[in-house]
Each structure stands twice: as C-alpha cells, then as structure tokens.
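Enquirer: To start, I am sharing the structure in question, which I have written as structure tokens.
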Amino acid sequence: GFGEKTGIDLIGEKSGLLPSRAWKMAKKNQLWFPGETLITGIGQGYHQVTPLQLAKATATLANKGKIVTPHLVNEIATEPTSNPGEKIPQQSIPLKSANIKTVIAAMVNVVHSNRGTARSIGTDISYQIAGKTGTAQVINIKQNASYNEHQIDEKQRDHALFIAFAPADNPKIAVAVIAENGGHGGSVAAPIAAKVIKQYLGDRQASQQ
C-alpha cells in the first residue's frame with residue numbers, strides 16, 4: 001500500500017509517505033486538522049507516492065483487490081531441469097464488488113465519455129481504457145490566489161499524472177505516468193500512457209494470432 005515499499009526486487013526503493021495524526025505530531029509537533037484528511041484522500045498535502053506505487057495500486061484495482069507485487073523475476077527455477085521453484089506469493093484486500101464496479105465505470109468515462117478529462121486517447125482503439133488524470137502541486141498557492149502556469153517558472157509548474165489499465169473488462173496491463181512539470185494529466189501524461197498500452201496490447205494480440 002501507500003507509505004510502504006512495493007516489494008520489487010531492486011535496491012533503493014522509497015516508501016513514500018502516507019501521513020497520519022501520529023506522524024504529524026511526531027514530525028511537526030502539530031495537531032491534525034479535519035481538512036487534512038480530505039486532501040490526503042485525493043493525494044494532496046503531505047502525501048507522497050512513487051510512480052511504481054501508483055502502478056501497483058492501479059493493478060490492484062484492475063484485479064479487483066488481488067495484489068500483484070512488481071518483480072523483475074517472474075519465478076525462480078532450479079537447474080538444470082528448470083522446474084518451477086519458488087513462487088511469488090500473492091495477497092488480496094477485501095474490496096466490495098459494487099464499489100469496484102462504480103470506480104471502474106467512472107475511470108472508463110474519464111477516457112471514453114465526451115466529458116472525460118482524457119477523452120483524447122479514447123479514439124481509434126477496439127477496447128476500453130480505464131484511467132484517471134491528476135496533477136501534483138509543486139508550489140503552494142495562496143488562498144483565493146489564481147494559478148497561471150504561463151506566469152511561473154517551468155520548474156514550479158504542476159506535475160501531470162495519469163494512471164490506467166486496459167482492456168477495462170479484461171485487464172492485461174496497468175500503467176502510471178508522471179510527467180514532471182507537465183501541467184495537465186489529460187493532455188500530457190495520458191497520451192504517453194496510451195502509447196505504452198497500445199504498444200503492449202498490440203504486441204500481445206499479434207503474438208496470440
């Protein structure tokens with residue numbers, strides 16, 4: 001989950017941060033305000049995640065609660081027979097079926113409805129993509145102040161985010177894209193994810209024919 005390492009077999013992975021009342025008191029010596037619970041729920045405030053954590057969370061949703069731990073090694077086999085050896089254990093979290101259906105339907109609309117924030121990538125494909133656009137603030141904006149990306153330094157502009165999985169009804173791939181200082185998830189990060197998805201599914205479909 002968020003706030004802990006994904007378990008990938010690489011060194012140097014960061015755990016990110018899932019803030020809490022106890023964390024804020026220990027680190028900041030400050031009380032937790034109700035509004036912080038709200039903004040943490042949408043990934044703002046002190047919340048910090050890695051692209052890999054986002055991809056893992058997206059895959060968990062696509063798998064309806066089954067957690068897929070990312071690995072560079074699919075399985076460990078013995079030599080010289082190459083018989084399957086140690087299997088990577090899988091866990092699951094309890095997610096209500098109705099909630100999953102609602103979230104996935106909303107994510108499909110992000111890409112395929114005429115009001116979706118990533119509708120530009122939903123054309124010219126024979127399957128549906130479930131996705132969600134997002135932004136990550138780089139600098140604080142004063143209350144009631146307006147934000148104009150063209151009036152600030154490029155390095156201070158919002159990061160563009162997009163998560164997705166496809167096909168929506170039979171997921172084969174989950175993707176998370178963060179375009180640093182890209183500004184808009186729908187116009188910057190989503191097209192990058194779409195290229196990855198199309199390339200991956202295209203290769204898989206070709207190999208299965």
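Enquirer: Against the definition (among the charged types (D, E, K, R) and modelled with pLDDT of 95 or more), how does Lys155 come out, yes or no?
Expert: It is false that Lys155 is among the charged types (D, E, K, R) and modelled with pLDDT of 95 or more.
Enquirer: Select from region 1-49 the residues that are over 20 Å from His71 (Cβ atoms) and among the acidic types (Asp, Glu) and list them in ascending order.
Expert: Within region 1-49, Glu36 is the sole residue that qualifies.
Enquirer: If you don't mind, another one. In region 5-18, which residues are assigned to a loop (DSSP other than H, G, I, E, B), free of Cβ contacts under 8 Å to residues at least 40 places away in the same chain and among the aliphatic types (A, V, I, L, M)?
Expert: Ile11, Leu18, listed by residue number.
Enquirer: Would you mind stating whether Val188 is touching a residue at least 40 places away in the same chain (Cβ under 8 Å), under 27 Å from Thr50 (Cβ atoms) and of a type in the set (A, V, I, L, M, F, W, C)?
Expert: Criteria not met by Val188.
Enquirer: Counting only residues that are of a type in the set (Gly, Ala, Ser) and within 22 Å of Val177 (Cβ to Cβ), which one in region 46-66 is surrounded by the fewest Cβ atoms within 10 Å (Cβ to Cβ)?
Expert: Ala57
Enquirer: If a residue must be within 17 Å of Asn140 (Cβ to Cβ) and of a type in the set (Gly, Ala, Ser), how many such residues does region 1-46 contain?
Expert: The total comes to 3.
Enquirer: Filter region 19-53 for residues that are hydrophobic (A, V, I, L, M, F, W, C), in a loop (DSSP other than H, G, I, E, B) and farther than 21 Å from Asp158 by Cβ and give the result.
Expert: Leu31, Trp32, Phe33
Enquirer: Applying the selection to region 36-54, what residues are under 16 Å from Val103 (Cα atoms) and at pLDDT 90 or above?
Expert: If the condition is that a residue be under 16 Å from Val103 (Cα atoms) and at pLDDT 90 or above, then Leu54 is the only one that fits.
Enquirer: Please tell me if Phe2 is free of Cβ contacts under 8 Å to residues at least 60 places away in the same chain and either in contact with a Cys (Cβ under 6 Å, 6 or more places away or on another chain) or loosely packed, with under 15 Cβ neighbours inside 10 Å (or both).
Expert: no
The values are calculated or read from the model by the stated rules, or taken from the named source; none is laboratory data. On a predicted model such as this, the values are computed, not experimentally measured, just so you know. For neighbour counting, all protein chains shown are included, and Cβ atoms are generated from backbone atoms with ideal geometry for every residue, glycine included.
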